[in-house]
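Undergrad: Take a look at this one; I'll ask things after.
Every number here is computed from the coordinates shown, using simple stated rules; none is lab data. Note that this is a predicted model, so its numbers are computed, not measured. Cβ coordinates were reconstructed from backbone atoms using ideal geometry, including for glycine residues, and neighbour counts include every protein chain displayed.
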Amino acid sequence: MDSIKLHYDISATDFTRAGAASGDVKRTLKALGVSPATIRNVAVAMYEGEINMVIHGGGGVIDVEITEDAIRMVLADQGPGIENVELAMKEGYSTAPDNIRALGFGAGMGLPNIKKYTDEFQLDTALGVGTTLTLKVFMK
Amino acid sequence: MKVKDIIDILNAEIICRDDLLDTEVQTACGSDMMSDVLAFVKEQGVLLTGLVNPQVVRTAEMMDMHCIVFVRGKRPSIDIIHLAEDRDMVMLATKMEMFTSCGRLYDAGLRGGIEK
């Protein structure tokens, strides 16, 4: 199969739309006949990343590449960057404000969840420059 | 049990997709924190929540859930209902609180998911 490339612009202001891109990828993978377990891992990882981009990153872009053996996702924002990556990777640690918690997020599970559900996880961040997550889930 | 059994058990009202009430469900998850719902990938058919926003539907979608039950008398807005309709999800609403709702469903045979 030739690789399929998908591109999404993630709005910083529209929380109600957050997750729309992940839903689209999920439906695309389903139509391609990808296994439910693989789809779930991709969907949860990308959705958490998408939510993070809206909450913390000031929006950004997501590029997805689907090949025969894996799904690669690159989520890039030009937000404030992550000050302490070690803390951000810790379950339960969150810098999300109360208004985000009221929306059901900010439990400090985002990045740990993303790592848990992906086979390859790379986090590049710089203060004042932004954060890029490069993720890979192998077809199972 | 079937989704329609939940209606009797929780004295719930149907909000949308009454054509899918025969869907079989064995497991459920109750939470107002969507991050926590996403934290444990399990086979779960039903989401009980007191949170009302579109992310409830999106979270349920990512987890392949078939039914959302709003507890404590919470009601979704029309845009949330449309999103659920589009994603083939039944939405129910009960006046019962979270603890009571979960307890009654557990008592009737519904269980927490099995972690994979």
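Undergrad: If you take the Cα atoms of region A:4-138, find Rg, then find the Kirkwood Rh from the mean of 1/r over all pairs, what is Rg/Rh? Each step should come with its number before you reach the end.
TA: Values: Rg = 14.0 Å, Rh = 14.8 Å.
With Rh from the inverse mean 1/r over Cα pairs, Rg/Rh is 0.95.
Undergrad: Measure out, as a whole number of angstrom, how far apart the alpha-carbon centroids of region A:1-50 and region B:30-75 sit.
TA: Cα centres, region A:1-50 to region B:30-75: 18 Å.
Undergrad: Using the Kirkwood radius over C-alpha pairs as Rh, can you work out the diffusion coefficient of region B:3-107 via Stokes-Einstein at 37 °C, viscosity 0.692 mPa s, in µm² per second?
TA: Estimated via Stokes-Einstein, D reaches 248 µm²/s.
Undergrad: Per residue of region B:92-98, in order, report the coupling 6.51 cos²θ - 1.76 cosθ + 1.60 (Karplus, θ = phi - 60°) as ³J(HN,Hα) in whole Hz, putting x for Gly and Pro.
TA: 10, 9, 10, 7, 5, 7, 4
Undergrad: Let me ask something else. Relative to the longest principal Cα axis of chain A, at what angle does helix A:20-31 sit, 0 to 90 degrees, rounded to 10?
TA: Taking Cα atoms only, the helix is inclined about 20 degrees.
Undergrad: Starting from region A:80-119, pick out the trypsin sites (Lys or Arg not before Pro) whose DSSP state is loop and whose Cβ has at most 14 other Cβ atoms within 10 Å.
TA: Counting only loop positions with at most 14 other Cβ atoms within 10 Å, the trypsin sites (Lys or Arg not before Pro) in region A:80-119 are A:K90.
Undergrad: So if I average 1/r over every pair of distinct C-alpha atoms in region A:23-92 and take the inverse, what Kirkwood radius in Å does that give? Please list the in-between numbers first.
TA: On the way: mean 1/r = 0.0747 Å⁻¹.
For region A:23-92, the Kirkwood estimate is 13.4 Å.
Undergrad: Something else: Could you give the length gained by full extension between B:Y106 and B:R72, i.e. 0.36 nm per residue of separation minus their alpha carbon distance, to one decimal place?
TA: So the extension gain works out to 10.5 nm.
Undergrad: Would you mind getting me the FRET efficiency between A:L32 and B:F40? Use the beta-carbon distance for r and R0 = 22 Å, nearest 0.05.
TA: The pair A:L32/B:F40 has a calculated efficiency of 0.25.
Undergrad: How large is the charge dipole for region A:4-138, taken about the Cα centre, if only the Cβ atoms of Lys, Arg (+1) and Asp, Glu (-1) carry charge, to the nearest 20 debye?
TA: With only Lys, Arg, Asp and Glu charged at Cβ, the dipole is about 420 debye.
Undergrad: Label points 7 Å out from Cα along the Cβ direction at B:I14 and A:S3: separation in nm?
TA: For the pair B:I14/A:S3, the computed spacing is 4.7 nm.
Undergrad: Could you size up the charge dipole of the protein assembly as shown around its Cα centre, putting +1 on the beta carbon of Lys and Arg and -1 on that of Asp and Glu, and report it in debye to the nearest 20?
TA: In total the dipole reaches around 420 debye.
Undergrad: Sticking with this structure for a sec: Projecting each Cα onto the charge dipole of region A:4-138 (Lys/Arg +1, Asp/Glu -1 at the beta carbon, about the Cα centre), which of A:T118, A:G128, A:M53 comes out farthest on the positive side?
TA: A:T118
Undergrad: Output ³J(HN,Hα) for region B:14-28: one whole-Hz value per residue in order, computed from phi by the Karplus curve 6.51 cos²θ - 1.76 cosθ + 1.60 with θ = phi - 60°, and x for Gly and Pro.
TA: Per-residue couplings from phi come out as 8, 9, 7, 6, 6, 7, 10, 5, 8, 4, 7, 10, 10, 9, 8 Hz.
Undergrad: Would you calculate the separation in nanometres between label points at A:R72 and A:L87, each defined as 7 Å from the Cα along the Cα-to-beta-carbon direction?
TA: Distance between label points: 3.3 nm.
Undergrad: Let me ask something additional. Return the distance in nm (one decimal) between the two label points of a simple spin-label model at A:D98 and B:H82, each offset 7 Å from Cα along Cα→Cβ.
TA: 3.3 nm
Undergrad: Based only on Cα atoms, what Rg/Rh ratio does the protein assembly as shown have, Rh being taken as Kirkwood's radius?
TA: On the Cα set of the protein assembly as shown, Rg over Rh gives 0.97.
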